[in-house]
Amino acid sequence: MKRLAVLASGEGTNLEAIFEAIEREEVAAEVGLVISDRPTAPALGRARRREVKARFLDPRPFATREEYDCALLEILQQESVDLVVLAGFMRLLSPVLVKEFYLRIMNIHPSLLPAFPGLNAVEQALDHGVKVTGCTVHFVDEGLDTGPIILQQAVPILEIDTIETLHQRIHAVEHRLYPRAIDLFSRDKLTVKGRRCYLGER
Ligand code: GRF
């Protein structure tokens, strides 16, 4: 059984969806711990309610991003984590962590990458006037939302959409897509060659 660390800065609705999928036995993994860079992140409460280890790692004592990530790395190694799941973690990971965990860190992003990377992806899509957006689960590399893509799903943009309504529909799709990607990883079904990620045994 693969052991996950979920990193989240905010609400943690994706974390909740992962917990629920594990409970329904749709994901062959366990959440070993949840880490947040914000002490009040609701994600921490969601973990504690399930008696899963929840840890606030305060960025303030660390002078640089690398130092913070070294501390993070130490925790992940101590906890024998197989996969790091970024679920609304609002920090860019430094090479220190990415190198050590390459192809073992996933992220979910609310657009069809490579379109609209970075912050405010839903707003970017609306402002651009695209008719279709969606969400992407990808492995994390050293760039900003640039790593090999695991799964994507499209979400049409309606004329009446606001940032909130569109984000809500994207979120609903995320909640199904992320557990699927984690389950594929957990069952050793993901193979990456170059930029392409193949699903299934090869
Ligand atoms: C999601 O929209 C995800 O795509 C982005 O951050 C948001 C996290 O939402 N990376 P939640 O905290 O899981 O509700």
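Each value in this text was obtained by applying a stated rule to the coordinates, not by laboratory testing. Owing to the predicted nature of the structure, the values given are computational and were not obtained by experimental measurement. Backbone-built Cβ (ideal geometry, glycine too); neighbour counts: all protein chains shown.
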Checklist outcome for this item: When all Cα-Cα pair distances of the range 2-199 are considered, the percent exceeding 32 Å is 12
Next on the checklist: Using a Cα-Cα cut-off of under 20 Å, which lysines could be cross-linked to Lys131, ignoring same-chain neighbours fewer than 8 residues away?
Outcome noted: none
Item to check | Top of Ile163, Ile150, Ile182 by mean-square fluctuation, Gaussian network on the chain, Cα under 10 Å | outcome: Ile163
Next on the checklist: Run lengths n ≥ 4 of DSSP H only: what is the helix-derived mean residue ellipticity at 222 nm for the chain, with -39500 (n - 2.57) per run over all residues, to the nearest 500?
Outcome noted: -11000 deg cm²/dmol
Item to check | Residue order, fewest to most surrounding Cβ atoms within 10 angstrom, among Val34, Val130 | outcome: Val130, Val34
Next on the checklist: Can you tell me which of Glu67, Glu79, Glu51 moves the most in a GNM of the chain? Springs connect C-alpha atoms under 10 Å apart.
Outcome noted: Glu51
Checklist entry - Among the aspartates and glutamates, which have Cα under 19 Å from the Cα of Lys99 when same-chain residues fewer than 8 positions away are ignored? => result Glu66, Glu67, Asp69, Glu74, Glu79, Asp82, Asp141, Glu142, Asp145
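So for the range 2-199, averaging the separation of alpha carbon pairs under 8 Å that are six or more residues apart and normalising by length, what relative contact order in percent results? Kindly include the intermediate steps, with their values, before the conclusion.
Values: 372 pairs, mean separation 40.8, N = 198.
21 percent.
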Next on the checklist: Test of understanding: ordering Arg60, Arg50, Arg196 by Cβ neighbours within 10 Å, fewest first, what list do you get?
Outcome noted: Arg60, Arg196, Arg50
Checklist entry - Dividing the alpha-carbon Rg of the range 91-175 by 2.2 N^0.38 Å yields what? => result 1.13
Checklist entry - Among Met106, Met90, Met1, which comes first, then next, by fewest other beta-carbon atoms within 10 Å? => result Met1, Met90, Met106
Checklist entry - Hey, got the dipole for the range 2-199? About the Cα centre, +1 on K and R Cβ, -1 on D and E Cβ, debye to the nearest 20? => result 380
Checklist entry - Looking only at Ile105, Ile157, Ile149, which one moves most when the chain is put into a Gaussian network model with springs between Cα atoms under 10 Å? => result Ile157
Item to check | Cross-link partners of Lys189 among lysines (Cα-Cα below 21 Å; sequence separation of 8 or more within a chain) | outcome: Lys2
